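Below is one structure; the comments refer to it alone.
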Amino acid sequence: ALEIVDQQKKAKPNFGFNARTGEWVDMFKAGIVDPTKVTRSAIMNAASIAAMFITTEVGVAEIKEEKPAMPQPEMY
């Protein structure tokens, strides 16, 4: 992982590591686009939920019981 970070720092703009193929490619030509707003929103939402869980003193969960299936009416 550290080798990838070092190579990324030296790479040209728009070039990145394609983890699926294991190759260094032009990200736009390869169709790999990561909109900044989407990434930023995901990180902000994850941090918000994590902060909410940290400050919550009690959590409530519902455990659903397995109920037997409804009996079918007799056929005539």
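The values are calculated or read from the model by the stated rules, or taken from the named source; none is laboratory data. This structure is a prediction, so every number in the text was calculated from the model and none was measured. Reconstructed Cβ throughout: ideal geometry from the backbone, glycine too, with neighbour counts over all protein chains shown.
Annotations for the structure displayed:
Results for (1) in contact with a helix residue (DSSP H, G or I) (Cβ under 7 Å, 6 or more places away or on another chain); (2) among the polar types (S, T, N, Q), shown as yes or no for each residue.
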residue	(1), (2)
ASP6	no, no
ALA11	no, no
PHE17	yes, no
GLY22	no, no
ALA30	no, no
PRO35	no, no
VAL38	no, no
SER41	no, yes
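Here's the yes/no breakdown for (1) more than 20 Å from the chain's Cα centre (by Cα); (2) at positive phi:
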residue: GLY22; (1), (2): yes, yes
residue: MET44; (1), (2): no, no
residue: GLY59; (1), (2): yes, no
residue: GLU74; (1), (2): yes, no
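- Enumeration of residues in segment 32-48 that are over 27 Å from LEU2 (Cβ atoms) and either surrounded by 10 or more Cβ atoms within 10 Å (Cβ to Cβ) or modelled with pLDDT of 90 or more (or both): SER41, MET44, ASN45, SER48
- Qualifying positions in segment 12-26 - aliphatic (A, V, I, L, M) and either touching an Asp or Glu at 6+ places or on another chain (Cβ under 8 Å) or exposed (fewer than 13 other Cβ atoms within 10 Å of the Cβ) (or both): ALA19
- Qualifying residue in segment 52-67 (condition: out of contact with any Ser or Thr (no Cβ under 7 Å at 6 or more places or on another chain), hydrophobic (A, V, I, L, M, F, W, C) and surrounded by 10 or more Cβ atoms within 10 Å (Cβ to Cβ)): no
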